[in-house]
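Accompanying notes for the structure given below.
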Amino acid sequence: MSKDIKETFWKSLADSPYVMIGLTGERDHNIPMNAQLDKYANSAFWFFTSTDNRIAPGGPAMAQFSSKGHDLFACIAGTLRTETDRTVLDKLWNNSIEAWYEGGKSDPKLVLLRFDLDNAEIWTADASLKGLFKMATGLTMKEGELGQHAEVAL
């Protein structure tokens with residue numbers, strides 16, 4: 001089950017790469033960010049941000065994700081680090097990112113953060129026919145009748 005749910009997670013994130021992320025242990029609210037994905041890197045994703053953003057210092061972090069169709073939810077633990085490999089920046093750079101940085105790739109406030117993923121809890125909301133019937137009639141639901149849940153290493 002965990003392999004299937006991991007694959008579903010990555011597909012859902014690629015379809016709508018928006019997460020809420022914050023540094024673990026901080027009392028600041030999490031912020032919305034656009035995850036930059038590399039299909040060959042299944043243990044990390046990246047965020048373009050500015051040096052004055054509250055997540056820019058990096059460190060242990062948590063991200064929350066809800067798929068476009070609200071049929072998959074995830075809470076992802078990992079560590080934010082400054083990405084120093086210029087080839088990664090060049091590979092992920094695109095026009096929608098450039099629109100945010102007046103100085104382009106050389107903007108002094110630009111920082112690329114890599115989110116090294118540790119693990120996640122993932123839930124799917126894919127009710128079985130039996131589960132839908134139970135919900136409609138008020139019968140007691142059993143685990144798995146509304147979807148799946150797994151703790152997975154990413």
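The values are calculated or read from the model by the stated rules, or taken from the named source; none is laboratory data. The structure displayed is predicted, hence computed values, not measured ones. Positions of Cβ are generated from backbone atoms using ideal geometry, with glycine treated the same way; all protein chains shown enter the neighbour counts.
Do we find that Gly58 is touching a Ser or Thr at 6+ places or on another chain (Cβ under 7 Å) and either at pLDDT 95 or above or surrounded by 16 or more Cβ atoms within 10 Å (Cβ to Cβ) (or both) in this structure?
Answer is yes for this residue.
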Taking the condition closer than 18 Å to Thr124 by Cβ and among the small types (Gly, Ala, Ser), does Ala14 pass?
yes
Which of the residues that make up the stretch 31-44 are exposed (fewer than 14 other Cβ atoms within 10 Å of the Cβ) and within 12 Å of the chain's Cα centre (by Cα)?
Pro32, Asn42, Ser43
Just name the residue that is surrounded by the most Cβ atoms within 10 Å (Cβ to Cβ) out of those in the stretch 67-90 that are part of a strand (DSSP E or B) and small (Gly, Ala, Ser).
Ala74
Going through the stretch 50-70 in order, the residues found to be under 12 Å from the mean Cα position of the chain (by Cα) and among the hydrophobic types (A, V, I, L, M, F, W, C) are Ala61, Met62, Ala63, Phe65
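Looking only at the stretch 12-30, how many residues end up being in a loop (DSSP other than H, G, I, E, B) and within 11 Å of the chain's Cα centre (by Cα)? Explain how you work it out, then say what you get.
Let us first name the residues in the stretch 12-30 that are in a loop (DSSP other than H, G, I, E, B), namely 16-17, 24-30.
Adding the requirement that they be within 11 Å of the chain's Cα centre (by Cα) leaves 16-17.
Selection size over the stretch 12-30: 2.
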Can you go through Phe9, Phe47 and tell me which one is surrounded by 11 or more Cβ atoms within 10 Å (Cβ to Cβ), of a type outside the set (Val, Ile, Thr), assigned to a strand (DSSP E or B) and within 15 Å of the chain's Cα centre (by Cα)?
Phe47
